[in-house]
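Below is one structure, written out as structure tokens, with a few remarks after it.
The values are calculated or read from the model by the stated rules, or taken from the named source; none is laboratory data. Nothing here was measured: the structure is a model prediction, and the numbers come from that model. Don't worry about glycine lacking a Cβ; one is built from the backbone with ideal geometry, like all the others, and counts go over all protein chains shown. Surface accessibility is based on the protein's heavy atoms, side chains included, excluding ligands, DNA and RNA. Shrake-Rupley method; radii C 1.70, N 1.55, O 1.52, S 1.80 Å.
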Amino acid sequence: MILQRVILRFPAQVVDRPIIYNLIKKYDLVVNILKANINIQKEGTMVLEIQGDPTQYARGLEYLQSLGVSIQPLSQAVFRDEEACTHCGACIGVCPTGALYLERPSMEVKFDENRCVACLICVKVCPYKAMGVVAASNSLAPVD
Amino acid sequence: MERTWEEINEKIKKGKVVVLTAEEAIALVREKGLKEAAARVDVVTTGTFGTMCSSGAYFNFGHARPRIKMYKVWLNNVPGYAGFAAVDAFLGATQLPEDDPLNSIHPGAFSYGGGHVIHDLVARKPVTLRAIGYGTDCYPRKEIRTVITLDDINQAVLFNPRNAYQNYSVAVNTTNRTIYTYMGVLKPRLGNATYSTSGQLSPLLKDPYLRTVGIGTRIFLGGGVGYVVWQGTQHCPTLKELPDGGKLFSGGTVAVIGDLKKMHPRWLVGVSYIGYGASLAVGLGLPIPILNEEIMYWASRGDEELYAPVIDYGEDYPQGNSRVLGYVTYAQLKSGIIKIEGKEIPTAPLSSYPRAREIALTLKDWITSGRFLLGKPVELLPSIGETPPLKGLQEKAGEEEGEK
Ligand code: SF4
Ligand code: SF4
């Protein structure tokens, strides 16, 4: 048995597919949805806690990847709530890596997850509580 | 070219009005010249979305049976001010719960305050109302605890004693420690700079002599319709001629009012500034009637002609020193780097330019579609030089029983 938390990012085309259902049904995994969000571009983000047989788990991930879903371990799980973010800019100056940055000339604040080191400064600083985090757990963690 | 308020409103009713946002007006004047642009355009819209601490709302909750004269009230545990008639109360945007840890562990989080309650009400969330009374013959009840929504109560009115500051200082920090301010987190040794107006979209910067703004001006407020009711607190518009020939306008403010029930949670958002406090972000948009070329001239000044002073929030601001470290334009601020004391400092805004633009566009749409007529002021706000300079608070020896 393994227990793993992952962030999934779905392209717009697969958002309406019964992916979670398949994970449970076909791969016999216990799936707990910790957070789910679909943005205005219809791309989905989901944080899952997945528990099950390691082989089945690996096959489940393969299935997800075959659909174009990107999978990331949760150690980098800082999120931006796109609805709550007002593009005020209060996080720009304090983000140490430039993961939060202003795009010119639109003056919109962009969030590049790949540059985020989950220092959580923005989570404390954002006046609108738009930056969130889910507790991290590192690579495959065996249970029992 | 001259145009009257009445003519503009006639055109709005007939669907013939020409409205541009301030951004669009800047581009048009650059392309066609002032004369032609002023002749073509009837109204220029502006917008701003940012934290405005002098905001609040008053309510009439309706009478309970038996009746209570509310002596103290709390909405979601945030105290309101009940020193009015029996079931009226005011709630301020920066008010905090009595058990908030504040800055006891610095910097405090200030996660919920008056601004958040106002947002929750507008978002149609249920809010806990608790009140105590001392009991009178006409109001015997001594306590009530209930749940209200915005639709349950008789009146809910947003009333902000000071909004839409014409201009605002750029904040930096010259000390050796990080500071937590209402201008955001400021890193030591001029590590970053923050600013908080929408520059070329900012309402009172686009009519710097306040020739069209006054009591009765109809505005976009919190996603609904509001009105300017008075000059805002600390209203003291000034013009400073800068050494490089630039003009620094600042000091104008407005007091505004509007029906909270018709506002929208997207445009009234509770905010928490780490180490400083809670407040309310307000969306506000002002239409400027192009009554003549001069008004169009000012409405069409771009970011490179609009200046802000740079102030040290580490030492000067808290101590009340009036030193200015320099002047920069909004174009420089928006470029991401300003230069102060020979040092390049990265900048970031605190008020949302995309939201300001959205407000100006929304207001344009409301006016163009005939849904929003201009409100001609019954009296203009005091202009530059028409108010006494602001006074500071003097400390004097108090009366003997002053501490009572
Ligand atoms: S501070 Fe928060 S609301 Fe402002 S731009 Fe950053 S994430 Fe968005
Ligand atoms: S967690 Fe740290 S690195 Fe990631 S976006 Fe926030 S401030 Fe930047």
| remark: Phi angles of the stretch B:386-396, converted by Karplus (6.51 cos²θ - 1.76 cosθ + 1.60, θ = phi - 60°) into ³J(HN,Hα) in whole Hz with x for Gly and Pro, give 9, 10, x, x, 5, 9, x, 8, 8, 8, 10
| For the stretch B:47-75 and the stretch B:80-151, distance of Cα centres in Å | 7
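At a 1.4 Å probe, what is the % contribution of carbon and sulfur to the accessible area of chain B? Provide the component values of the computation, followed by the final result.
Numbers: 9060 of 17780 Å².
Looking at chain B in its full context, I get 51 percent from C and S.
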| query | Farthest toward the dipole's positive end in chain A, which of A:Thr55, A:Cys126, A:Leu34, given Cβ charges of +1 (Lys, Arg) and -1 (Asp, Glu) about the Cα centre? | reply | A:Cys126
| field | Computed magnitude of the charge dipole of the protein assembly as shown (debye, nearest 20; Cβ of K, R +1, Cβ of D, E -1) | value | 900
| Threshold 40 Å² - residues in the stretch A:100-125 whose accessible area is reduced by that much or more when the chain is no longer isolated, probe 1.4 Å | A:Arg104, A:Met107, A:Val125
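Just in the stretch B:1-49: which trypsin sites (Lys or Arg not before Pro) are loop by DSSP and have at most 14 other Cβ atoms within 10 Å?
Details: sites: B:Arg3, B:Lys11, B:Lys13, B:Lys14, B:Lys16, B:Arg30, B:Lys32, B:Lys35, B:Arg40; in loops: B:Arg3, B:Lys16.
Answer by residue number: B:Lys16.
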| request: Report the label-to-label distance for B:Lys14 and B:Ser322 in nanometres (one decimal), using points 7 Å from each Cα along the Cα→Cβ vector. | output: 5.2
| task | Just tell me which aspartates and glutamates come within less than 14 Å, Cα to Cα, of B:Lys35; anything on the same chain fewer than 8 places away is out. | result | B:Glu2, B:Glu293, B:Glu294
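Give me the Kirkwood hydrodynamic radius of the stretch A:2-73 in Å, from all C-alpha pairs, to one decimal place?
Details: mean 1/r = 0.0828 Å⁻¹.
Its Kirkwood hydrodynamic radius stands at 12.1 Å.
Could you tell me which trypsin sites (Lys or Arg not before Pro) in the stretch B:132-173 are loop residues by DSSP with no more than 16 other beta carbons within 10 angstrom of their beta carbon?
Sparse-neighbourhood loop trypsin sites (Lys or Arg not before Pro): B:Lys142.
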| field | Set B:Lys13/B:Lys247; B:Lys187/B:Lys364; B:Lys11/B:Lys334; B:Lys11/B:Lys206; B:Lys334/B:Lys376; B:Lys206/B:Lys364 screened for pairs whose C-alpha atoms are more than 27 Å apart | value | B:Lys13/B:Lys247; B:Lys187/B:Lys364; B:Lys11/B:Lys334; B:Lys334/B:Lys376
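Would you calculate a helix-derived [θ] at 222 nm for chain B, using -39,500 (n - 2.57) for each DSSP H run of n ≥ 4 and dividing by the full residue count, to the nearest 500?
Details: 8 runs with 70 residues, N = 404.
Helix contribution divided over all residues of chain B: -5000 deg cm²/dmol.
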| Taking chain B as a Gaussian network, Cα atoms linked when under 10 Å apart, which of B:Val73, B:Val185, B:Val147 shows the biggest mean-square fluctuation? | B:Val147
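Given R₀ = 45 Å, FRET efficiency for B:Thr4-B:Asp152 by Cβ-Cβ distance, to 0.05? Don't skip to the end; give the middle numbers.
On the way: r = 44 Å, r/R0 = 0.97.
That pair, B:Thr4 with B:Asp152, gives E of 0.55.
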| task | Run down the lysines and flag those whose C-alpha is under 16 Å from the C-alpha of B:Lys261, throwing out any fewer than 8 positions away in its chain. | result | B:Lys125
| note | Length gained if B:Ile105 through B:Ala27 is fully extended, taking 0.36 nm per residue and subtracting the Cα-Cα distance, is 23.1 nm
| message | Taking amide H atoms as placed 1.01 Å from N in the peptide plane, list the residues 5 or more away in sequence, or in a different chain, whose amide H sits under 5 Å from that of B:Ile288. | response | B:Val44, B:Thr45, B:Thr46
| task | Please give the residues of the stretch B:300-323, grouped as numeric ranges, whose backbone N is less than 14 Å from a label point set 7 Å along the Cα-to-Cβ vector of B:Thr175. | result | B:312-321
| said: Could you report the protein assembly as shown's accessible area per residue, 1.4 Å probe, as an integer in Å²? | reply: 46
| So what J values fall out for the stretch B:265-280 if you push phi through Karplus, 6.51 cos²θ - 1.76 cosθ + 1.60 with θ = phi - 60°, rounded to Hz, Gly and Pro as x? | x, 5, 10, 9, 10, x, 10, 10, 9, 3, x, 10, x, 9, 6, 10
| said: Just want the answer: with Cβ charges of +1 for Lys and Arg and -1 for Asp and Glu, which residue in B:His106, B:Asn173, B:Ala85 is farthest toward the dipole's positive end in chain B? | reply: B:Ala85
| Total charge dipole magnitude, the stretch B:336-392, about the Cα centre, Cβ charges on Lys, Arg, Asp, Glu only, Debye to nearest 20 | 120
| message | What lysines does A:Lys26 reach when the alpha-carbon gap must be under 28 Å and sequence neighbours fewer than 8 apart in one chain are set aside? | response | A:Lys35, A:Lys42
| Rounded to the nearest 100 Å², what is the sum over both chains of accessible area buried where A meets B, with a probe of 1.4 Å? | 1700
| request: Could you pull out every residue, at least 5 positions away or on a different chain, whose amide H is within less than 5 Å of the one on B:Gly326? Hs are placed 1.01 Å off N in the peptide plane, and Pro or chain starts have none. | output: B:Val310
| remark: With +1 at each Lys and Arg Cβ and -1 at each Asp and Glu Cβ, the charge dipole magnitude of chain B around its Cα centre, to the nearest 20 debye, comes out at 1040
| note | Amide H contacts under 5 Å for B:Gly224, restricted to residues at least 5 apart in sequence or on another chain and with H modeled in the peptide plane, are B:His264
